[in-house]
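A short reminder: the numbers here are calculations on the coordinates, not readings from a lab. Here the structure is a predicted model, which means the values were calculated and not measured. Cβ placement follows ideal geometry from the backbone for every residue including glycine, while neighbour counts extend to all protein chains displayed.
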Amino acid sequence: MKMKKIALSFYLFFFFLTGSIATAQVVGIQEIGKYQSGDVLEDNEHWVEVIKGDMPLVLSVPHGGRFKDEQIPDRDCPELGRVVKGIDMNTKELALAMQEYFYAHYKKRPYVVIANLSRSKVDQNRAIELATCNDPIGTKAWNSYHSAVTAVIADAKQYGKIFFVDVHGHGHKVQRLELGYGLTTKQLTLAYNRKNTVKMPPTSSLENYLTQGGKRDFYDMLFGEYAFGTLLEKNGVRATPSLQDPYPQEGEAFFAGGHITRKFTAADFPDVFGMQIEFNFKGMRDTDANRQKFAAVFAKTYWEFIQHI
Ligand SMILES: [Zn+2]
């Protein structure tokens, strides 16, 4: 009798486990085309949230989540690499302000993909093993986010070449936006001096733009008059790389762009180009008023950029 009871609870445990695995997808994301712009899709576990858009701009927010789902243990696998667990504070709120600004002023919405699950459980901006420490439920949450981005890209394609922005927050000393094209400080310095630039573009998040008929060249896209960073600076927001601030100086910390940016701007997604943007906190994402102020600058910059490239 006792054995039977154990067997039953095992059965129930596995039923529960496989049941929850089967639903670990953003509900309806594979049929996103059936939904309206502004509709919010979410998975049953509240790990991932998608707001459907109607323009070729996708914002991904992998590190703004606060949900510490107890189904998933805290990440603890230093043998696989450096385990970073901190939140990029207010990046979800920043991306939502950006989306709202576009709708309020242009009646168009960028697509937004948000990880509500805390980075202490899954780091969506790492390759799957380090991201999840090989936890099976964490693995499902990682897949939920990555398949949501994939589905959003497939849907956004109908509006044209997709500009993809992975939204992050840094705590570095220099108060400016760090634009991560997959290029390190050393590479940006070389590129600015027009050295060794043959091998660089294919490893950057601009490669699809360059090979799919974009009218600007690699140098112009980083440092030219209409580079995204140059336009941000012109509109009052400090950013590197740009014409005004071409590359970080020696000793200055800089994020070159991570897993998500690399993956979704690679050859598998030929309609996508873009960057990781790392935001400083103060004046950018600290208050509602500053987030709205940045949202206005971003929208202005985006339209100027898209028009000229
Ligand atoms: Zn981050």
Integer Hz, Karplus 6.51/-1.76/1.60 couplings in order for the range 130-135, x for Gly and Pro: 5, 4, 10, 6, 6, 6
Given R₀ = 41 Å, what would the calculated FRET efficiency be for VAL27 paired with THR203, taking r from the Cβ atoms and rounding to 0.05? 0.70
Longest principal axis of the chain (C-alpha) makes with the long axis of helix 2-22 (C-alpha) an angle, in degrees to the nearest 10, of 20 degrees
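Calculate, in nm to one decimal, what GLU129 and GLN249 gain on full extension: separation in residues at 0.36 nm each, minus their alpha carbon distance. Intermediate results must be reported in sequence, preceding the final value.
Values: separation 120, 0.36 × 120 = 43.20 nm, distance 3.31 nm.
Extra length available between GLU129 and GLN249 comes to 39.9 nm.
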Which value in deg cm²/dmol, rounded to the nearest 500, describes the helix-derived mean residue ellipticity at 222 nm for the chain, given -39,500 (n - 2.57) per DSSP H run of n ≥ 4 and division by the residue count? -11500 deg cm²/dmol
Working from Cα positions, state the angle (0 to 90°, nearest 10) between the long axis of helix 288-308 and the longest principal axis of the chain. 60 degrees
With viscosity set to 0.890 mPa s at 25 °C, what whole-number translational diffusion coefficient in µm²/s follows for the range 2-308 from Stokes-Einstein and a Kirkwood radius over Cα pairs? 122 µm²/s
If packing is taken as the mean number of other Cβ atoms within 10 Å per residue, what is the order of 172-183, 79-90, 289-300, highest first? 172-183, 289-300, 79-90
Mind checking which aspartates and glutamates have their C-alpha under 12 Å from LYS34, skipping anything on the same chain fewer than 8 residues away? ASP155
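Fully extended, how many nm does the chain gain between SER37 and LYS68 (0.36 nm per residue separation, minus their Cα-Cα distance)?
Full extension from SER37 to LYS68 adds 8.3 nm.
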Quick one: compute the contact order of the range 56-171, relative version, from alpha carbon pairs under 8 angstrom and 6+ residues apart, as a percent. 44 percent
So between ALA296 and LEU190, what do we pick up on full extension, going 0.36 nm a residue minus the alpha carbon distance? 34.9 nm
Around GLY28 (Cβ within 13 Å, Cβ-to-Cβ, excluding GLY28; K/R +1, D/E -1) the net charge comes to -4
Straight-line reach from LYS199: which lysines have a Cα under 22 Å away, not including same-chain ones fewer than 8 places off? LYS186, LYS215, LYS263
Which distance in Å, rounded to a whole number, links the C-alpha centroids of the range 42-64 and the range 172-216? 26 Å
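What does the highest-first list of 189-199, 267-277, 215-225 look like by mean Cβ count within 10 Å?
267-277, 215-225, 189-199
Dividing the convex hull volume of the alpha carbon atoms of the range 29-85 by its residue count, what do you get in Å³ per residue? Write down the numbers at each step before the final one.
Details: hull volume 7.6 nm³, N = 57.
Residue-normalised Cα hull volume stands at 134 Å³.
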Applying the Karplus parametrisation 6.51 cos²θ - 1.76 cosθ + 1.60 with θ = phi - 60° to the phi angles of the range 244-260, what ³J(HN,Hα) value in whole Hz is obtained for each residue in order, glycine and proline being reported as x? 6, 8, x, 7, x, 6, 4, x, 8, 5, 7, 9, 7, x, x, 4, 4
Sequence-distant lysines (8 or more away, or on other chains) whose Cα lies within less than 21 Å of LYS234: LYS282, LYS293, LYS300
Scattering from the C-alpha atoms of the range 208-306 alone, worked out with Debye: what is log10 I(q)/I(0) at q = 0.23 1/Å? -1.38
